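Below you'll find the structure, written out as structure tokens, and then a few comments.
The values are calculated or read from the model by the stated rules, or taken from the named source; none is laboratory data. Worth saying up front: this structure is predicted, and the values here are computed from it rather than measured. Ideal geometry is used to build each Cβ from the backbone, glycine not excepted, and the neighbour counts take in all protein chains shown. Just the protein is used for accessible areas: all its heavy atoms, side chains included, with ligands, DNA and RNA removed. Shrake-Rupley method; radii C 1.70, N 1.55, O 1.52, S 1.80 Å.
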Amino acid sequence: AATTNDGATQAGKDGVAAIEAVTVPEDSQVKQDAKDAVKREAEAKINNINNASNLTGKEKDGLIKQVNDSASKAKDDIDKATTNAGVQTAKNTGISNIDNVKVPSLDETKTAANQVVDDALGKKLDGIKANTNLTDDEKSKLTTEANTAAKNAKDKIQAATTNDGATQAGKDGVA
């Protein structure tokens with residue numbers, strides 16, 4: 001509490017200086033921080049994609065494009081936002097969309113390819129069984145051929161070292 005005119009004047013000056021020292025983040029800084037967060041998330045996801053040894057160059061390119069598209073949209077949405085809350089929402093949505101770009105593991109791809117073969121085999125065996133124009137010997141022979149083809153396809157799927165290789169082995173097995 002100031003007890004003199006000079007003290008009161010100095011307290012006023014100190015108060016003004018304290019108020020002026022409070023920095024209010026500029027709209028552009030809030031947006032820049034949000035864009036930087038999106039950029040860091042995209043870079044981390046792209047690094048993850050590039051380090052995935054089970055992906056071909058084509059698969060990596062496709063996933064990286066998804067990440068870049070999500071990041072670009074997030075940055076546009078951040079620029080269009082008119083409030084800090086809008087910036088935050090755009091940032092969070094962008095990061096979530098980047099996180100949702102799934103890097104499939106080789107095991108997941110092999111499982112999916114095996115399922116394609118199993119589904120095709122099931123349909124083929126049902127067709128053989130339901131065909132009344134075939135003798136039991138013919139049905140038995142066709143069933144053996146279908147099972148052998150499925151086993152060969154599954155062996156190729158298991159031997160695949162890339163997602164594309166596993167997927168193609170599955171497609172080849174049902175062709």
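Miscellaneous remarks
- Residue check, ILE98 free of Cβ contacts under 8 Å to residues at least 60 places away in the same chain, open to solvent by less than 40 Å² (accessible area, probe 1.4 Å) and among the hydrophobic types (A, V, I, L, M, F, W, C): no
- Subset of region 133-166 (residues that are open to solvent by 50 Å² or more (accessible area, probe 1.4 Å) and under 30 Å from ASN50 (Cα atoms)): LYS154, ASP155, LYS156, GLN158, ALA159, THR161, ASP164
- Matching residues in region 14-67 - criterion: being within 24 Å of THR82 (Cβ to Cβ) and of a type in the set (S, T, N, Q): THR23, SER28, GLN29, GLN32
- Residue satisfying condition, being free of Cβ contacts under 8 Å to residues at least 60 places away in the same chain and open to solvent by less than 70 Å² (accessible area, probe 1.4 Å), within set ALA175, ALA169, ALA130: ALA169
- In region 77-95, residue surrounded by the fewest Cβ atoms within 10 Å (Cβ to Cβ) [restricted to those that are free of Cβ contacts under 8 Å to residues at least 24 places away in the same chain and not polar (S, T, N, Q)]: ALA85
- Filtering ALA37, ALA74, ALA42 for residues that are of a type in the set (A, V, I, L, M), within 13 Å of the chain's Cα centre (by Cα) and at pLDDT 95 or above leaves a single hit, ALA42.
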